[in-house]
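What follows is one structure encoded as structure tokens, with my remarks underneath.
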Amino acid sequence: MKLTKRGEYALRALIGLGIARESGAPIVRIRDLAEKENIPVKFLEAILIELKTAGFLESKRGKQGGYSLAKPADRISIGDVIRKIEGPLAPIACVSQTCYERCSCPDEAHCGLRMVMLEVRNAVARILDAYTLKQTVDAMMRKMREDSVSIPFLSGTEARDSKPLGELAPK
């Protein structure tokens, strides 16, 4: 698995929308999100459509329109987002759970490379599936507060305290 710019921007956009929701701004215009995340608007538009098609976002048209999360942030795992945007987490197809393809080795059951890559896939999946968007947003907002950095989209109400990313418990 390699996280491309598309995958990175998709995760940053979701995190930005999660922060907006926690900050009292449930709907965010594309231009505002692109500006805050430093993502080209046209590229972000395509990514947001893909995230909407995957069921992570909703959109509203019109002057007060924009994008918002389609479901609670604690029901969106980082692993799920990466799989939808980038494809399988597996470094080689013969260890993929979602896109398995037989490899070219003569004895797949006893292939040393496959055994190592299966461990890699399992470790990556375990970590990425353990973190939700909510945990990531909460950790980021807490770190921003600790460092006295202004929180994007923050309205008059403060979002609740949270744990730093390193202290997060898997879901």
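The values are calculated or read from the model by the stated rules, or taken from the named source; none is laboratory data. Only a predicted model underlies this, so the values are computations on that prediction, with no experimental measurement involved. Please note: Cβ atoms are built from the backbone with ideal geometry, for glycine as well, and neighbour counts cover all protein chains shown.
For region 33-49, enumerate the residues that are touching a Phe, Trp or Tyr at 6+ places or on another chain (Cβ under 8 Å) and in a helix (DSSP H, G or I).
Answer for region 33-49, where residues must be touching a Phe, Trp or Tyr at 6+ places or on another chain (Cβ under 8 Å) and in a helix (DSSP H, G or I): 33, 36, 37, 43, 44, 47, 48.
Filtering region 50-77 down to residues that are in a loop (DSSP other than H, G, I, E, B) and charged (D, E, K, R), which residue is nearest to residue 18 (Cα to Cα)?
Among those residues, the one meeting the criterion is 71.
Out of 62, 79, 87, 66, which single residue is of a type outside the set (D, E, K, R), surrounded by 16 or more Cβ atoms within 10 Å (Cβ to Cβ) and on the phi > 0 side of the Ramachandran plot?
From the options 62, 79, 87, 66, the qualifying one is 66.
Quick one: which residue in 78, 39, 85 is over 30 Å from residue 115 (Cβ atoms), in contact with a Leu (Cβ under 9 Å, 6 or more places away or on another chain) and in contact (Cβ under 8 Å) with a residue 12 or more places away in the chain?
Numbers: 78 fails: over 30 Å from residue 115 (Cβ atoms); 85 fails: over 30 Å from residue 115 (Cβ atoms).
Matching residue, one of 78, 39, 85: 39.
Out of the residues in region 17-32 that are surrounded by 20 or more Cβ atoms within 10 Å (Cβ to Cβ) and touching a strand residue (DSSP E or B) at 6+ places or on another chain (Cβ under 7 Å), which is nearest to residue 133 (Cα to Cα)?
Among them, the one singled out is 18.
Just to check your reading of the model, which residue among 127, 82 is over 24 Å from residue 28 (Cβ atoms) and in a helix (DSSP H, G or I)?
127
Could you please give the count of residues in region 50-75 that are free of Cβ contacts under 8 Å to residues at least 24 places away in the same chain and among the polar types (S, T, N, Q)?
Residues meeting the conditions: 2.
Of all residues in region 117-141, how many are buried (at least 17 other Cβ atoms within 10 Å of the Cβ) and either hydrophobic (A, V, I, L, M, F, W, C) or at pLDDT 95 or above (or both)?
Result for region 117-141: 16.
Collect the residues in region 42-91 that are of a type in the set (Asp, Glu) and under 12 Å from the mean Cα position of the chain (by Cα), keeping them in residue-number order. So that I can check it myself, show each step before the final result.
Of all residues in region 42-91, those of a type in the set (Asp, Glu) come to 45, 50, 58, 74, 80, 86.
Correct list: 74, 80, 86.
Looking only at region 94-115, how many residues end up being among the small types (Gly, Ala, Ser), surrounded by 10 or more Cβ atoms within 10 Å (Cβ to Cβ) and either free of Cβ contacts under 8 Å to residues at least 12 places away in the same chain or not in a loop (DSSP other than H, G, I, E, B) (or both)?
0
Considering only region 17-34, I want to know if a residue exists there that is under 12 Å from the mean Cα position of the chain (by Cα), in contact (Cβ under 8 Å) with a residue 40 or more places away in the chain and assigned by TED's automatic domain parsing to the domain that holds residue 145.
For region 17-34, residues under 12 Å from the mean Cα position of the chain (by Cα), in contact (Cβ under 8 Å) with a residue 40 or more places away in the chain and assigned by TED's automatic domain parsing to the domain that holds residue 145: present.
For region 36-87, enumerate the residues that are of a type in the set (Gly, Ala, Ser), within 14 Å of residue 5 (Cα to Cα) and at pLDDT 95 or above. First the steps, then the outcome.
Let us first name the residues in region 36-87 that are of a type in the set (Gly, Ala, Ser), namely 46, 54-55, 59, 62, 65-66, 68, 70, 73, 77, 79, 87.
Checking which are within 14 Å of residue 5 (Cα to Cα) leaves us with 46, 87.
Once the filter is applied, which keeps residues that are of a type in the set (Gly, Ala, Ser), within 14 Å of residue 5 (Cα to Cα) and at pLDDT 95 or above, region 36-87 yields only 46.
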